[in-house]
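The values are calculated or read from the model by the stated rules, or taken from the named source; none is laboratory data. All of these numbers come straight from a predicted model, not from anything done at the bench. Note: ideal-geometry Cβ built from the backbone for every residue, glycine included; neighbour counts use all protein chains shown.
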Amino acid sequence: MRWYAHGDPLKARHRILNPSKVCVVNQCGTPVYAREMCSMHYSRWNRNGDPAKRTARTTSLEVFRELVLLETDDHVLWPLGVDVGGYGRVHLANDMSRKAHQMALERREERPTGRIACHVAGLGCPKSCINYRHLYWGTHAQNMADKVIDGTNQPTRGRLDPEAIRVIRNLAGTVPQQELADRFGVKRQSISLVLNGRTWTNVA
């Protein structure tokens, strides 16, 4: 077939995409490949007759591209693999992967230097949620403070570190000392000494 079409049995045919036309399936917006669909949705239609139907062959990147288009206030949970921390992972080329919630926020907002993707505290967000409305760019200290508020932090029992000290100070007056003590696995007196400037004075 390749020899008949091109005169060269080793030459593969490459379809030229039309950037002026975009895929009409689920407001995809990707350049049209064929039948008013992008290559991904056309491949699905050609495979099973439905451009919106995913099969076992669908990649995690395809799943991600569909989920990030959803506009809802509900949790959008990553349905595929997660890492040891419970965050969804999107598998890319060359055996690389990235956190799904971070990629979701990057599609909506530019990532500021030195910031990480954090789940908004108080919404009860599972770590696998990738709804951009439930995410914001924050510092590591803010993320730790959010985890304390939501009760999702897992500190070493009976031990504080500089990062924990900063979180405790940031939450002073908003979270009871006993609750902070319970969260960090120490006595209430230890929290009181921190807040009164009696201990950890070397931590800014």
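In region 71-80, the condition of being crowded, with 17+ Cβ neighbours inside 10 Å and outside any loop (DSSP other than H, G, I, E, B) is met by no residue. Any residue at all in region 108-126 that is part of a helix (DSSP H, G or I), touching a strand residue (DSSP E or B) at 6+ places or on another chain (Cβ under 7 Å) and under 30 Å from residue 71 (Cβ atoms)? Checked against the condition, which is being part of a helix (DSSP H, G or I), touching a strand residue (DSSP E or B) at 6+ places or on another chain (Cβ under 7 Å) and under 30 Å from residue 71 (Cβ atoms), region 108-126 yields no hits at all.
Here is the figure for region 88-110: residues that are at pLDDT 90 or above and either within 24 Å of residue 23 (Cα to Cα) or under 12 Å from the mean Cα position of the chain (by Cα) (or both) total 15.
Take the conditions at pLDDT 85 or above and surrounded by 14 or more Cβ atoms within 10 Å (Cβ to Cβ) and apply them to residue 133. Does it pass? In short, yes. With respect to (1) touching a residue at least 12 places away in the same chain (Cβ under 8 Å); (2) part of a helix (DSSP H, G or I); (3) not aromatic (Phe, Trp, Tyr), the lone exception for residue 47 is condition (1).
Select, from 49, 88, the only residue that is closer than 23 Å to residue 147 by Cα and of a type outside the set (A, V, I, L, M, F, W, C).
When all the criteria are applied, what remains is 88.
Would you mind stating whether residue 126 is without any contact (Cβ under 8 Å) to a residue 60 or more places away in the chain and either surrounded by 19 or more Cβ atoms within 10 Å (Cβ to Cβ) or closer than 21 Å to residue 82 by Cα (or both)? Yes: the conditions hold for residue 126.
Taking region 136-204 as the region of interest, the helices (runs of 4 or more DSSP H) fully inside it that hold 2 or more residues being of a type in the set (Asp, Glu), more than 30 Å from residue 103 (Cα to Cα) and at pLDDT below 85 are 177-184.
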